[in-house]
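Comments concern the structure below.
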Amino acid sequence: AKNWPELKKVFEQRIAAQWLRFCWRMIKNGHYGEALELLDNPEYKKEIALLDYKGVSLITALKFRIVESRNLKLWEKVKKLHSLY
């Protein structure tokens, strides 16, 4: 498999993006403690660190940056906004 490094990178990107999407859903539903636990887990931390933001949309990149900020006040605003819609 000559293209294994490229394929591996695609899989790593997808896995990292899925973890951050999962954290985003936890945050918008008010599960801040669980989101922080996941973000602090060394295994997930390592995978999330591999994410290349060039491969995602602007809104997705913004959501991921909000997740990675660990800013509880910002997370509370996300939950409030989400509950309005």
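Please treat every number below as a calculation from the coordinates, not as lab data. The model shown is predicted, which means the values in this text are computed figures rather than measured ones. Here Cβ is always computed from backbone atoms with ideal geometry, including for glycine, and neighbour counts include all displayed protein chains.
So, by mean Cβ neighbours within 10 angstrom, what's the order for 15-21, 56-62 with the highest one leading? Show your work: numbers first, answer last.
Numbers: 15-21: 18.3, 56-62: 12.0.
Per-residue mean Cβ counts within 10 Å order the peptides as 15-21, 56-62.
If we count every other residue with Cβ under 12 angstrom of residue 49's Cβ, Lys/Arg +1 and Asp/Glu -1, where does the sum land? Show your work: numbers first, answer last.
Values: positive: 45, 46; negative: 12, 43, 47, 52, 68.
Taking every other residue near residue 49 into account, the sum is -3.
Would you kindly derive the ³J(HN,Hα) couplings of region 74-84 from the backbone phi angles with the Karplus curve 6.51 cos²θ - 1.76 cosθ + 1.60 (θ = phi - 60°), listing them in order in whole Hz, with x for Gly and Pro?
Using θ = phi - 60°, the values come out as 5, 4, 5, 5, 4, 4, 4, 4, 5, 6, 6 Hz.
For region 21-31, what does the Karplus curve 6.51 cos²θ - 1.76 cosθ + 1.60, with θ = phi - 60°, yield as ³J(HN,Hα) per residue in whole Hz, taken in order and with x for Gly and Pro?
Residue by residue, region 21-31 yields 4, 4, 4, 4, 5, 4, 5, 5, 9, x, 8 Hz.
If the limit is 28 Å between Cα atoms, which of 8/54; 46/73; 45/79; 9/79; 8/28 go over it? Show your work: numbers first, answer last.
Values: 8/54 17 Å; 46/73 25 Å; 45/79 23 Å; 9/79 32 Å; 8/28 30 Å.
Exceeds cut-off: 9/79; 8/28.
Be a star and scan region 23-51 for residues whose amide nitrogen sits under 20 Å from the point 7 Å along the Cα-to-Cβ vector of residue 6.
Under 20 Å, as judged by backbone N against the label point of residue 6, lie 51 of region 23-51.
For region 47-75 and region 5-24, what is the separation of their C-alpha centers, rounded to whole Å?
12 Å
Using the Cβ atoms and a cut-off under 15 Å, what net charge is assigned to the surroundings of residue 3, where Lys and Arg are +1 and Asp and Glu are -1?
+1
Ordered by residue, what ³J(HN,Hα) values in Hz, to whole numbers, does region 60-67 give under the Karplus form 6.51 cos²θ - 1.76 cosθ + 1.60, where θ = phi - 60° and Gly and Pro are x?
5, 4, 4, 4, 5, 5, 5, 4
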